Amino acid sequence: MSRIAYVNGQYVRHADAGIHIEDRGYQFADGVYEVCEVARGNIMDMTRHLDRLDRSMSELKIGWPMARKALVTVIKEVVRRNRVHNGLVYLQVTRGVARRDHVFPSATTTPAIVVTAKRTDPAASAARAAKGIKVITVPENRWERVDIKSIGLLPNVMARQQAKEQGAQEAWFVDPDGTVKEGAATNAWIVTKDGTLVTRPAETGILRGITRTTIFDVAKKLGLTIEERGFSVEEARNAKEAFMTAATTVIMPIVEIDGHVVANGHPGATTLSLREAFFDIAEKTPSC
Ligand code: PDD
């Protein structure tokens, strides 16, 4: 079965899909994106993902490429046509195609949209979660507007590659004062000795992750307290548990930070209980 992508109004074979060489996403990273998890045939937290897409676009003054309701139909259709039961949907909106010029093109330029979907293996993810993953820390070197889910991701790409080269799976960006910001493509969390969940406030400096937001609902259901405050690399290394969240990994235990083992080196019970409860509590939109 060949993969199918949605590109500017058409469903096309993934292998044949293409965009214009003067698409502003290609030339300036002038666009935004979203990644939604598909779990057991459901698109997870789609409302929150589309709300954040709307915010990212409005911050950059990019218009909707199509009506929101129509986009929901396209997302479901791409998932259906690719027969994705467990996996990810990627959607990207750019300012569109125009002769290269830094200033915005004319208001009549139509934003460009691409939607793709791919399968992932829940058993492989569960195996990773059972073991836990390793992170390294790197100095924060991104622009200030990381609250916008922009496709300009070079610092994130470089950080994730560095993590891989050092035998880790994620890199945490750290401020000069030692405060952890977030991962290259995940939000960062710790659990203190008294069982409180700690994550950095999302008003500035990090992306307000959708998984992060839904963890607030999950924690409430499980009777857990969340404190939104900065934490240092030192505090994280000495925490009871550490974990990261994203649509791609959902809740993933962290067992090593810069080579220092966290707690006993095994995923923590609180992290695993959040992972367990997530599916039931998150919003589920059946893909067909
Ligand atoms: N990344 N922080 C950053 C910098 C991210 O890129 C992401 C998501 C998150 C977590 O957000 P959410 O819970 O909404 O997935 C935090 C996506 C998955 C990616 O780039 O693939």
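The values are calculated or read from the model by the stated rules, or taken from the named source; none is laboratory data. Predicted, not measured: the structure shown is a model, and the values here were computed from it. With ideal geometry, Cβ positions are generated from the backbone for all residues, glycine too; neighbour counts draw on all protein chains shown. Side chains are part of the model used for accessible areas, which takes the heavy atoms of the whole protein and leaves out ligands, DNA and RNA. Shrake-Rupley method; radii C 1.70, N 1.55, O 1.52, S 1.80 Å.
A few notes on this one:
- Meets criteria (surrounded by fewer than 16 Cβ atoms within 10 Å (Cβ to Cβ), closer than 29 Å to K61 by Cα and not hydrophobic (A, V, I, L, M, F, W, C)) for N141: yes
- Residue match in the range 148-160 (condition: β-branched (V, I, T) and part of a helix (DSSP H, G or I)): yes
- Meets criteria (in a helix (DSSP H, G or I), hydroxyl-bearing (S, T, Y) and surrounded by fewer than 18 Cβ atoms within 10 Å (Cβ to Cβ)) for Y11: no
- Any hit, the range 229-243, residues being crowded, with 16+ Cβ neighbours inside 10 Å and closer than 30 Å to I75 by Cβ: yes
- Qualifying residue in the range 196-210 (condition: within 16 Å of the ligand (Cβ to nearest atom), part of a helix (DSSP H, G or I) and within 12 Å of the chain's Cα centre (by Cα)): yes
- Inclusion of G152 among residues that are under 20 Å from the mean Cα position of the chain (by Cα), at positive phi and either within 15 Å of the ligand (Cβ to nearest atom) or at pLDDT below 95 (or both) is not warranted.
- Boolean, T271 is in the same structural domain as T137 (by TED's automatic domain parsing), within 16 Å of the ligand (Cβ to nearest atom) and touching a helix residue (DSSP H, G or I) at 6+ places or on another chain (Cβ under 8 Å): no
- For the range 269-280, a tally of residues being among the aliphatic types (A, V, I, L, M) and surrounded by fewer than 17 Cβ atoms within 10 Å (Cβ to Cβ) returns 1.
- Leading residue by the ranking (most open to solvent (accessible area, probe 1.4 Å)) among those in the range 14-30 that are of a type in the set (G, A, S) and within 12 Å of A112 (Cα to Cα): G18
- Among residues of the range 141-158 that are free of Cβ contacts under 8 Å to residues at least 60 places away in the same chain, those with a beta-carbon under 7 Å from a residue that is near the ligand (Cβ under 9 Å from one of its atoms) at least six positions away or on a different chain give the pairs R142/F173; P155/R142; N156/A184; N156/A185.
- Candidate set: the range 82-126, residues that are farther than 22 Å from A246 by Cα, part of a loop (DSSP other than H, G, I, E, B) and hydroxyl-bearing (S, T, Y); chosen: the one most open to solvent (accessible area, probe 1.4 Å): T108
- Selected residue [outside any helix (DSSP H, G or I), within 28 Å of F278 (Cβ to Cβ) and within 21 Å of the chain's Cα centre (by Cα)] from V74, V35, V78: V35
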